[in-house]
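Data block below; observations after.
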Amino acid sequence: MTDWAKVWDETYTKQPKIYGDEPSEIAVQLANLLVQKPKPKRVLDLGCGYGRDSIYFAHQGFEVMALDCSLVALKMLRQRIAGTNLERLIAPIVADALQGLPACDSCFDAVYAYLFFCLAFTDADITKLLADCARVVKPKGHLAGTVRSIYDRSYGKGEEIEPDMFALPNAVRHFFSESYLERKLKGAGFELQFLKRHDETVGESHFNDVLSFVAQKA
Ligand SMILES: C[S@@+](CC[C@H](N)C(=O)[O-])C[C@H]1O[C@@H](n2cnc3c(N)ncnc32)[C@H](O)[C@@H]1O
């Protein structure tokens, strides 16, 4: 079985700026939504990498649990915030999200996941991850992020291991249609509020077809 933490460690070692330093558009959109709420905000950045979006959220004054399976990525995040006031706002956590989110029920105002659910997760894994996201988000809280769409140019490359899921030697991708995303979110108790299909360039990466979304827990 592939050790994904090791694969991601190698990726970040080779390409430490793979996703650049700028926050993603959907992170900014989520933050704009959260700042309208009266109380301090807590956000879980699921698969945060080296934390470009976690840092952006912390700059907005949010408390952030920055969770990733890659030790290398989280070491980079720790180094970036060391000695700054962001240290008290960002908690970097090394964990495999599939083993259960290390967080209490209803403890976040939002879960944010940029290009996370479309990784090497089967349909059953996605169901489990989304149910866990629903558990840790407060009622009326948000789940936002981006997934690779079925129109992405890498769709169909490699061996199909499940419908819309393909394995290459060093990458497994699960592609989402709009209806699949909506169905999975709904199944976990989230209602889609915003959905946009678009191209996205971040750092050294160009994703030619992604779905960005914001959903709200019922
Ligand atoms: C496409 S990258 C996105 C990184 C970050 N969200 C960003 O946009 O800069 C996906 C991230 O998910 C992490 N990841 C993959 N599988 C994971 C798992 N099972 N549990 C926790 N993190 C995981 C990887 O280490 C990687 O940092």
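Taken together, the values in this text are just the output of simple stated rules run on the coordinates, not laboratory data. All values derive from a computational prediction rather than experimental measurement. Cβ atoms come from the backbone with ideal geometry, glycine included; neighbour counts cover every protein chain shown.
Where in the chain are the helices, taken as whole DSSP H runs, whose Cα atoms extend 18 angstrom or more along the long axis and whose Kyte-Doolittle mean reaches at least -0.5? Let's see the in-between values first.
Working: long enough: 123-136 (20 Å, 0.33).
Passing helices, by number: 123-136.
Treat every Asp and Glu Cβ in segment 48-134 as -1 and every Lys and Arg Cβ as +1, leave all other atoms uncharged, and give the resulting dipole magnitude about the Cα centre to the nearest 20 debye.
Working: 6 positive and 10 negative charges, 87 e Å.
Using only the charged Cβ atoms, the result is roughly 420 debye.
Rounded, prolate or oblate, given the Cα gyration tensor of segment 66-218, with a/c below 1.5 counting as rounded?
Oblate.
Under the rule that a partner needs its Cβ under 4.7 Å from the first Cβ, which Cys of the chain have none?
When partners are defined as cysteine Cβ atoms under 4.7 Å apart, the chain leaves C48, C69, C118, C133 without one.
Of L181, L77, W8, whose Cα points farthest to the positive end of the dipole of the chain (charges on the beta-carbon: +1 Lys, Arg; -1 Asp, Glu; origin at the Cα centre)?
The residue sitting farthest along the positive end of the dipole is L77.
Need one number: % antiparallel among DSSP beta bridges in the chain, to the nearest 5.
Working: 25 of 45 bridges.
Roughly 55 percent of the DSSP beta bridges within the chain come out antiparallel.
Starting from segment 63-164, pick out the trypsin sites (Lys or Arg not before Pro) whose DSSP state is loop and whose Cβ has at most 11 other Cβ atoms within 10 Å.
Numbers: sites: K75, R78, R80, R88, K128, R135, K140, R148, R153, K157; in loops: R153, K157.
Answer in residue order: R153.
Report the local net charge at D96: Lys and Arg +1, Asp and Glu -1, summed over other residues whose C-beta lies under 15 Å from its C-beta.
Local charge sum for D96: -3.
Taking the Cβ-Cβ separation of C104 and K6 as r and a Förster radius of 25 Å, what is the calculated FRET efficiency to the nearest 0.05? Please report the intermediate quantities before stating the final value.
On the way: r = 30 Å, r/R0 = 1.19.
E(calc), rounded to 0.05, equals 0.25.
Assign one of three labels to segment 35-97, namely rounded, prolate or oblate, based on the Cα gyration tensor with a ≥ b ≥ c the square roots of its eigenvalues; rounded applies when a/c is under 1.5, prolate when it is not and a/b is larger than b/c, and oblate otherwise.
It is oblate, given that a/c is not under 1.5 and a/b is not larger than b/c.
Mind scanning K6/K186; K17/K157; K75/K140 and naming the pairs with a C-alpha gap bigger than 30 Å? If you can, show how the numbers build up before the last one.
Numbers: K6/K186 33 Å; K17/K157 25 Å; K75/K140 33 Å.
With Cα atoms farther than 30 Å apart: K6/K186; K75/K140.
Measuring from centroid to centroid over Cα atoms, what is the spacing of segment 144-182 and segment 1-64 in Å?
So the separation of the two Cα centres works out to 21 Å.
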